[in-house]
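The structure under discussion appears below in the form of structure tokens.
The values are calculated or read from the model by the stated rules, or taken from the named source; none is laboratory data. Small disclaimer: the values here were computed from a predicted structure and weren't measured. Counting neighbours? That spans all protein chains shown, and the Cβs are built from the backbone with ideal geometry, glycine included. Only protein heavy atoms, including side chains, enter the accessible area calculation; ligands, DNA and RNA are left aside. Shrake-Rupley method; radii C 1.70, N 1.55, O 1.52, S 1.80 Å.
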Amino acid sequence: MTNSIDEIAGADFILAIGSNTTEAHPIISLRIRRAVQRGATLVVVDPRKTELAELAGQHLQLVSGTDIILLNSLVHVILEEGLWNQEFVQSRCEGLAELKQAVEPYTPKYAEQLTGIPAAVLQQTARGYAQAAKATVVYTMGLTQHVSGTDNVLALTNLVLLCGQIGRESTGINPLRGQNNVQGACDMGALPNVFTGYQPVADDACRQKFAEAWGGPLPAQPGLTLGQMMDAAQQETLKAMYIVGENPVLADADANHVAAALAKLDFLVVQDIFLTETAKLADVVLPAVSFAEKDGTFTNTERRVQRVRQAVPPVGDSLADWQITSALSNLLGYPMPYGHPEEIFRELVKVTPSYAGMTYARLEQAGIQWPCPQADHPGTPFLHQGEFVRGKGKFHAVHYLSPAELPDEQYPLLLNTGRRLFHYHTGSMTLRTGLQEICPEERLDISLQDAAALGLNQGERVRLTSRRGTVISSVHISDRVPQGMVFASFHFPEVAINQLTNDARCPKSNISEFKICAVKIEKI
Amino acid sequence: MSEVTIIMNEQAITVPAGTTILTAARENGIEIPTLCHDPEVSRYGGCRLCVVEVAGWGSLPAACVTEVRPDMVIETESARVLEARRTILELLLANHPEDCLTCEKTGACALQDYAYRYGVRRDAFLGERQNHPLEADNPFIIRDMNKCILCGKCVRVCSEVVGRSAIDFSHRGFRARVATALDEGLQQSGCVFCGSCLEVCPVGALTEKKGRGKGRPWEMTSVTTTCPYCGVGCQLKLQVKNQRVIGARAGGSGLNGRHLCVKGRFGHGFIHHPDRLKKPLLRKEGVLQEVSWSEALAYTAQRLSQVKQQSGGAAIGVLASARISNEENYLLNKFARRVLATNNLDHCARL
Ligand code: SF4
Ligand code: SF4
Ligand code: SF4
Ligand code: FES
């Protein structure tokens, strides 16, 4: 997030795109609600009628996958009506001419035909966003889990830059991160191409710096992403994997492909707190502790590094992940003699400029938001004040790209996937709590019209099939989904919905198109 | 902003105009008891426990809803005030069940604390008692409306902060209570089980079901930590007794204040779940079997170094995790690149 969670409550105009905030980020939805109570305008762009959409003054229930058309049309209107922030664009951005040319065809009338949103509503939204004193944008996977995911975000960034709605309190562009420490994992370089703090491995100076810090040579060629690793395992060029705290067999798109790929490995070691579907495939399973049994830090979606504190002793013989990795490293001849996570933290801040000013003592009270470059730096509630990291903000000419697989005669419905309030991810934690009692099974959301056409009653069981797999689920007839769409979560192993989803990926981000694939339904 | 000076308990106090007597008192270290007031929701003025005496005023105003006026002279513990508070507490106790011995709230109950502080016993009026059935047809919250003192805090927090309006006052007079719209269980009411109502209820009318009988407030240690679920990073206070997590409360400060969602508040049962892995497992003759750490680690190290030697580091992939700590991700980064000599390192950021 460019801004802090608290700042959302101070915005006058909130544009929420592809974010089911009340279910996926409930506490952030409280801030959105507070802004609305204060009189802010909330516009929700989502193909589903979510609870947030009901709170919104305006719900743009667009045709799935047409986000770029919608966003380009907003930019078109703002340029045409001269509502853009000239001062901001002239001093801080580049590429306006290309942008103008790119959005030229995206008239509101044209966008209306493809997105299903009336031209007048698009115009009204464009004006509201451009003219608000403080407009902020929040988005989640609904924008990124598409083959055009990166371009979707770029189209949104164009809008934000054009109106100068960034770099001030309560303005900005705010991706809400799904998992407790996904921000921290990225910050810590758990990515194929960067060290901590996004320092590229291919950059000689960065590699040199880490080679010195870690006392030895490091590979220069950026590595494989998760999806590419699965492909390489399938082709048997990847031979061994060490998987820590992830359950790709249920979480990844086209899950049957993932399981088949893992089965081809010579060696698989999985480290987790439960015997997950992925761990069941392993040669070795190493028992890790839960968050309640260890010390450390997580970094939340607003870049706030916060303490995790041990509350109870480890269950059984389990060990903290840092202890297990250290022990393996010791055996492999590279000593990692850490006695406590704080020692690791002291080491990592030395090589991570955005964390350089942090210590456990400083995090004690309320955590610190990065960048925090020195010991006396208070942290950074909002980014891009005064200038962008790369100098000028760049406009990108982006165009609509059709989803990889749309409904057709054989598979006439569109399957959308996401999260539900009462569960989390692949359910390995929440299905082992009281949450199971209140939300015991997956129920596929389906519109009244489609249910009627298929002769389905509430709760009836169906077979749901895509080109990649089949699951059995009961149905929940609901007005939350439009006609032609069904929606399921990936929380329940019994309804392993990612056996159906499409692994077509955005070529730039490598994110799979979890939000759109074609399916058919049969009554059983 | 204009300021107002008042005299409270013979002390001159200057506060911004529009400040309530209660806020002026609290900011100056003067304690006034409250039951229905909550700084996060709208003013209500229902319980009248917070009354104070203002010189020249006939009746006793409620401090939580009365704003200061210039030159007010206020007594917060005058004889009239004490008598009024005692009467209010006597009336509340008169139709309150005598259940402090087993009530989950004992030790953290405002009614109990104030009865103690003002020396009120439960014998002055022996009123008619309520006789509502316990409402417990959901996994998380028990509602015992016999203990409800009608402070309305749960109603206001649910509608004003959470935005659900799952509960409201129903009926009037003696039969008044807080109920869901159709008097069905919370599960049918649109309740999202955030538990914010639990957090504000001053008495034992709303309690956590799973924690029943598991421990008294003074037996538990409270450990502040960060929620393990979504990326919001709410602060939790894990309630620990005998080395087990038996509950979770909101951190009380920071970005989530007293609020959590259902996962953060009630989703901690996995920690001590019997399915937790307790020993390393190694596949022998096709089956995963429990082995010692030294065997599991030695075997893993040997296999990884074998692949590295035969096929190079690029034949190894490492998945770090969005669930584990920064320190652990950093170590995996170092381990993959420096020890295994591979940049094939990723995690499920893309979901
Ligand atoms: S748990 Fe939350 S939603 Fe349910 S009644 Fe209480 S405050 Fe309202
Ligand atoms: S249930 Fe608790 S919070 Fe709600 S009105 Fe009764 S006493 Fe007050
Ligand atoms: S309590 Fe809910 S909203 Fe807060 S961090 Fe946990 S899962 Fe997210
Ligand atoms: S606290 Fe003031 S009337 Fe209840």
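If a residue has to be more than 7 Å from every other protein chain (Cβ to nearest Cβ) and on the phi > 0 side of the Ramachandran plot to count, how many in the stretch A:295-332 make the cut?
1
Looking only at residues that are acidic (Asp, Glu) and touching a residue at least 12 places away in the same chain (Cβ under 8 Å) in the stretch A:404-458, which one is most open to solvent (accessible area, probe 1.4 Å)?
Among those residues, the one meeting the criterion is A:Glu441.
Might you let me know whether the stretch B:276-291 holds any residue that is more than 30 Å from A:Asp187 (Cβ to Cβ), away from ligand 1 (no atom under 16 Å from the Cβ) and in contact (Cβ under 8 Å) with a residue 24 or more places away in the chain?
Checked the stretch B:276-291: no residue is more than 30 Å from A:Asp187 (Cβ to Cβ), away from ligand 1 (no atom under 16 Å from the Cβ) and in contact (Cβ under 8 Å) with a residue 24 or more places away in the chain.
Check A:Pro341 against each of (1) out of contact with any Leu (no Cβ under 8 Å at 6 or more places or on another chain); (2) more than 23 Å from A:His491 (Cβ to Cβ); (3) more than 7 Å from chain B (Cβ to nearest Cβ) and name the one condition it does not meet.
If we test A:Pro341 against (1) out of contact with any Leu (no Cβ under 8 Å at 6 or more places or on another chain); (2) more than 23 Å from A:His491 (Cβ to Cβ); (3) more than 7 Å from chain B (Cβ to nearest Cβ), just (3) comes out false.
Hey, which of the helices (runs of 4 or more DSSP H) in the stretch B:99-214, taking only ones fully inside, have at least 1 residues that are away from ligand 2 (no atom under 12 Å from the Cβ) and farther than 29 Å from A:Thr22 by Cα?
Because the criterion is at least 1 residues that are away from ligand 2 (no atom under 12 Å from the Cβ) and farther than 29 Å from A:Thr22 by Cα, the helices (runs of 4 or more DSSP H) in the stretch B:99-214 that meet it are B:110-117.
Within the group B:Val178, B:Val192, B:Val203, which residue is touching a residue at least 40 places away in the same chain (Cβ under 8 Å) and more than 14 Å from every other protein chain (Cβ to nearest Cβ)?
B:Val203
Out of the residues in the stretch B:140-150 meeting the condition of being more than 17 Å from the chain's Cα centre (by Cα) and either open to solvent by less than 20 Å² (accessible area, probe 1.4 Å) or away from ligand 4 (no atom under 15 Å from the Cβ) (or both), tell me which one is nearest to the other protein chains (Cβ to nearest Cβ).
The selected residue is B:Asp144.
Which one is farthest from the other protein chains (Cβ to nearest Cβ), of the residues in the stretch A:261-284 that are charged (D, E, K, R), touching an Asp or Glu at 6+ places or on another chain (Cβ under 9 Å) and in a loop (DSSP other than H, G, I, E, B)?
A:Lys264
Select, from B:Val262, B:Val245, the only residue that is on the phi < 0 side of the Ramachandran plot and either touching a Phe, Trp or Tyr at 6+ places or on another chain (Cβ under 9 Å) or open to solvent by 40 Å² or more (accessible area, probe 1.4 Å) (or both).
Result of the check over B:Val262, B:Val245: B:Val262.
Which condition number in (1) at the interface with another protein chain (Cβ under 7 Å from one of its Cβ atoms); (2) farther than 20 Å from A:Pro493 by Cβ is the one that A:Val289 fails?
Unmet for A:Val289, out of (1) at the interface with another protein chain (Cβ under 7 Å from one of its Cβ atoms); (2) farther than 20 Å from A:Pro493 by Cβ: (1).
Which numbered condition trips up A:Val36, out of (1) β-branched (Val, Ile, Thr); (2) open to solvent by 10 Å² or more (accessible area, probe 1.4 Å); (3) more than 14 Å from chain B (Cβ to nearest Cβ)?
(3)
Would you pick out the residues in the stretch A:1-33 that are within 14 Å of ligand 3 (Cβ to nearest atom), assigned to a loop (DSSP other than H, G, I, E, B) and surrounded by fewer than 23 Cβ atoms within 10 Å (Cβ to Cβ)?
Within the stretch A:1-33, none qualify.
Select from the stretch B:215-233 the residues that are over 27 Å from B:Ala322 (Cβ atoms), in contact with a strand residue (DSSP E or B) (Cβ under 6 Å, 6 or more places away or on another chain) and assigned to a loop (DSSP other than H, G, I, E, B) and list them in ascending order.
Of everything in the stretch B:215-233, those that are over 27 Å from B:Ala322 (Cβ atoms), in contact with a strand residue (DSSP E or B) (Cβ under 6 Å, 6 or more places away or on another chain) and assigned to a loop (DSSP other than H, G, I, E, B) turn out to be B:Gly215, B:Met220.
For every residue, the table says whether it meets (1) loosely packed, with under 14 Cβ neighbours inside 10 Å; (2) of a type outside the set (Asp, Glu); (3) modelled with pLDDT of 95 or more.
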residue	(1), (2), (3)
B:Ser2	yes, yes, no
B:Thr23	no, yes, yes
B:Leu49	no, yes, yes
B:Val52	no, yes, yes
B:Ala55	yes, yes, no
B:Gly58	yes, yes, no
B:Glu90	no, no, no
B:Leu93	no, yes, no
B:His96	no, yes, no
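Okay, residues lined up against (1) over 26 Å from B:Thr34 (Cβ atoms); (2) within 16 Å of ligand 3 (Cβ to nearest atom); (3) modelled with pLDDT of 90 or more:
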residue	(1), (2), (3)
B:Cys154	no, no, yes
B:Arg175	no, no, no
B:Ala181	yes, no, no
B:Val203	no, no, yes
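In the stretch A:99-137, how many are of a type in the set (Phe, Trp, Tyr) and under 23 Å from A:Asn174 (Cα atoms)?
1
For the stretch A:379-419, give me each residue that is at pLDDT 80 or above, under 30 Å from B:Ser321 (Cβ atoms) and assigned to a loop (DSSP other than H, G, I, E, B).
A:Gly379, A:Thr380, A:Pro381, A:Phe382, A:Leu383, A:His384, A:Pro403, A:Ala404, A:Glu405, A:Arg419
Suppose we filter the stretch A:499-517 for residues that are surrounded by fewer than 21 Cβ atoms within 10 Å (Cβ to Cβ) and small (Gly, Ala, Ser); how many remain?
Counting residues in the stretch A:499-517 that are surrounded by fewer than 21 Cβ atoms within 10 Å (Cβ to Cβ) and small (Gly, Ala, Ser) gives 2.
Output the number of residues of the stretch A:19-33 satisfying the condition of being among the β-branched types (Val, Ile, Thr) and more than 7 Å from chain B (Cβ to nearest Cβ).
The total comes to 3.
Please indicate, with yes or no, whether at least one residue in the stretch A:195-203 is closer than 27 Å to B:Cys227 by Cα, within 7 Å of another protein chain (Cβ to nearest Cβ), in a helix (DSSP H, G or I) and open to solvent by less than 20 Å² (accessible area, probe 1.4 Å).
Yes, because at least one residue in the stretch A:195-203 is closer than 27 Å to B:Cys227 by Cα, within 7 Å of another protein chain (Cβ to nearest Cβ), in a helix (DSSP H, G or I) and open to solvent by less than 20 Å² (accessible area, probe 1.4 Å).
If we keep just the residues of the stretch B:243-275 that are away from ligand 1 (no atom under 16 Å from the Cβ), free of Cβ contacts under 8 Å to residues at least 40 places away in the same chain and of a type in the set (Gly, Ala, Ser), which is farthest from the other protein chains (Cβ to nearest Cβ)?
Of everything passing the filter in the stretch B:243-275, B:Gly252 is farthest from the other protein chains (Cβ to nearest Cβ).
A:Glu94: surrounded by 15 or more Cβ atoms within 10 Å (Cβ to Cβ) and among the charged types (D, E, K, R), yes or no?
It is true that A:Glu94 is surrounded by 15 or more Cβ atoms within 10 Å (Cβ to Cβ) and among the charged types (D, E, K, R).
For B:Leu182, only one of the following conditions fails: (1) among the aliphatic types (A, V, I, L, M); (2) open to solvent by 20 Å² or more (accessible area, probe 1.4 Å); (3) under 15 Å from the mean Cα position of the chain (by Cα). What is its number?
Status for B:Leu182: all satisfied but (3).
Just give me the residues in the stretch A:303-342 being basic (Lys, Arg) and open to solvent by less than 10 Å² (accessible area, probe 1.4 Å), in sequence order.
A:Arg303
Okay, residues lined up against (1) acidic (Asp, Glu); (2) within 14 Å of chain A (Cβ to nearest Cβ); (3) away from ligand 4 (no atom under 16 Å from the Cβ):
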{"position": "B:Thr5", "(1), (2), (3)": "no, no, yes"}
{"position": "B:Ile13", "(1), (2), (3)": "no, no, yes"}
{"position": "B:Glu27", "(1), (2), (3)": "yes, no, yes"}
{"position": "B:Leu35", "(1), (2), (3)": "no, no, no"}
{"position": "B:Gly46", "(1), (2), (3)": "no, no, no"}
{"position": "B:Ala79", "(1), (2), (3)": "no, no, yes"}
{"position": "B:Leu101", "(1), (2), (3)": "no, no, yes"}
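Considering only the stretch B:48-57, how many residues are within 9 Å of ligand 4 (Cβ to nearest atom) and among the β-branched types (Val, Ile, Thr)?
The total comes to 1.
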